[in-house]
1. Would you be able to tell me the number of residues in region 370-392 that are open to solvent by less than 10 Å² (accessible area, probe 1.4 Å) and in contact with a strand residue (DSSP E or B) (Cβ under 6 Å, 6 or more places away or on another chain)?
2. Please find, among GLN231, GLN217, the residue that is out of contact with any Gly (no Cβ under 6 Å at 6 or more places or on another chain), closer than 24 Å to PHE8 by Cα, assigned to a strand (DSSP E or B) and open to solvent by less than 60 Å² (accessible area, probe 1.4 Å).
3. Against the conditions (1) modelled with pLDDT of 90 or more; (2) within 24 Å of the chain's Cα centre (by Cα); (3) surrounded by fewer than 17 Cβ atoms within 10 Å (Cβ to Cβ), where does LYS487 fall short? Just the number, please.
4. Given the residues LYS57, LYS65, which is the only one that is closer than 24 Å to LYS124 by Cβ, open to solvent by 70 Å² or more (accessible area, probe 1.4 Å) and modelled with pLDDT under 95?
5. Would you say GLU337 is at pLDDT 90 or above and either more than 30 Å from GLY268 (Cα to Cα) or outside any loop (DSSP other than H, G, I, E, B) (or both)?
6. Can VAL404 be described as under 22 Å from GLY324 (Cβ atoms), at pLDDT 80 or above and buried (at least 18 other Cβ atoms within 10 Å of the Cβ)?
7. Looking at (1) at pLDDT below 85; (2) open to solvent by 30 Å² or more (accessible area, probe 1.4 Å); (3) not acidic (Asp, Glu), find the lone condition where TYR452 falls short.
8. Taking region 256-304 on its own, how many of its residues are farther than 23 Å from SER365 by Cα and among the acidic types (Asp, Glu)?
Amino acid sequence: MGDSESVFIFRESETDFRVRKAGHEVPILAFSPIEYPKSVDKKLASYFEQEISLIWKDVKYSNAKISPDVWKNKTDLAQELKSKDVDVLVLGSIIESDAGWTFKFELKDSVDPTSYGDFELSFKRPVSSEEVGAWNQAIFWKSSDRVISLESKQTTVPVWDRKPDLTRIKEIVNSSVRGTLTVRASSGDTEILWKGKSLGNTPLSEVPIQEGIQDIQVVLKGKKPITKTIQVRAGKKSFLFQEWEEDRTLGSAKVITVPNGLSVSLDGYKQGETPFFRSNLTPGAYQLELLKESADGAYVYYEGILDVKPDRLVELALPYFGYGLLSELEFWKPSGEFGFSPFGPNGLEFAKKKNLSNGWNGVYSLPFIPEELEIEGYFLLPVDHGDGSVAVTFHLNGLSLGVVAGKEKVSIFQFPSDGKTLSTYKYLDVDKDIGRPFSFKTDLKNKKLSLYLGRDVVWQGDLPAGGLWTVSVLTRGEEFREKTPIKDLKILYKGYK
């Protein structure tokens, strides 16, 4: 953050071979075999495949040929996809009806469930007497709109009913080697450059960008240009935020929601949508409203005070439907030594390029709005955890309550305290299969806070009043947890279910 170059550490992934230093210019596709119904013989199936192949001749791609037997075994298929560095699976299926045959194709990521798009095409059965002829081995009569087989059985060859949009297919294929980049800055005049070309001024939302390591230049008139290096994973979202040093008599505000898209209103005037960034604000207390607008009106998700101070950035988050928080990079702020990086192409992925001290490194969330909620997550399986340790802590006004997970046990702690661990628990047998679930639950009515491991309450105490809340995910320097620190994390606001 601020006017400094960002630390970047490239991290390979043991489970995702599509995390690359340099991406593919031309995507590598693997076409799955199509399971035809018994009514479609080999000659007819061959005809379909020849006709469909004409659709692909104008699309730029590389074909990774994989034998039908390999597709039957998930383990063998995964190994083959990795060895051939495949980007996309083209999964085809066929539906037969009285009218003809419809083919459906979906282009999916070769590693995860991401779908880049789909399309359909169909053939119809010839029904007119003109379309009936005699078959003589492999001799066909082809007119402008149909192909008729000449065969004594009076068998006819299907004709095209509906062809797909070639432009759409090209867009889908090209998107398979691109991610998207969203850039916000405290000044709306900030220009974003990539490979010497301008992507436009901030705010930029989900601009397509080539996969691989990319240098993004951030430029503001009167400021030294800053280059930030990011790692783009195809099919995923990348985020950048640049906070410039502005007039010190004025303040700035940053408001995000999970998911994005709530309208932001200050003192009754709509200012934009989340994620929202605004600099050069006159210090003072603003009436803030976060609304969901629809044809039927606006639903107020939050109403409160945004207190802007001189030369300060006030930050506020509302994860009102906060699933998948580990991949919501705008929700997190890095904390740790230089040489530590918490962010990767798939979200929170811890990495280091030097030995770290015994302190804690990781991320803190933006301050979020107090509400009756549950914070839920899973620590990794003991077998996958390694020797590293991870702490997940819920920070309230005057109280921090957390859980530290190691390879063999989990420990509960709080601050302020007498320095002693509250309690320690060994993993249950079931936890060795699914991971160790934890949750923090607030009860505003009774003003209580509870910490659960699995279904068991392991701590309960008074819920402090006032202030905003944060949550942190940290790993210890001498017991560093590399890559993904935990399996999942979500915040459930009970009032917004």
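The values are calculated or read from the model by the stated rules, or taken from the named source; none is laboratory data. Everything numeric in this text was worked out from a predicted model, so none of it was measured. Positions of Cβ are generated from backbone atoms using ideal geometry, with glycine treated the same way; all protein chains shown enter the neighbour counts. These accessible areas exclude ligands, DNA and RNA; they are computed on the full protein's heavy atoms, side chains included. Shrake-Rupley method; radii C 1.70, N 1.55, O 1.52, S 1.80 Å.
1. Residues flagged as open to solvent by less than 10 Å² (accessible area, probe 1.4 Å) and in contact with a strand residue (DSSP E or B) (Cβ under 6 Å, 6 or more places away or on another chain) within region 370-392 amount to 9.
2. Just one listed residue meets the conditions, GLN231.
3. Among (1) modelled with pLDDT of 90 or more; (2) within 24 Å of the chain's Cα centre (by Cα); (3) surrounded by fewer than 17 Cβ atoms within 10 Å (Cβ to Cβ), LYS487 violates only (1).
4. LYS57
5. no
6. So VAL404 fails the test.
7. (1)
8. Qualifying residue count for the region: 3.
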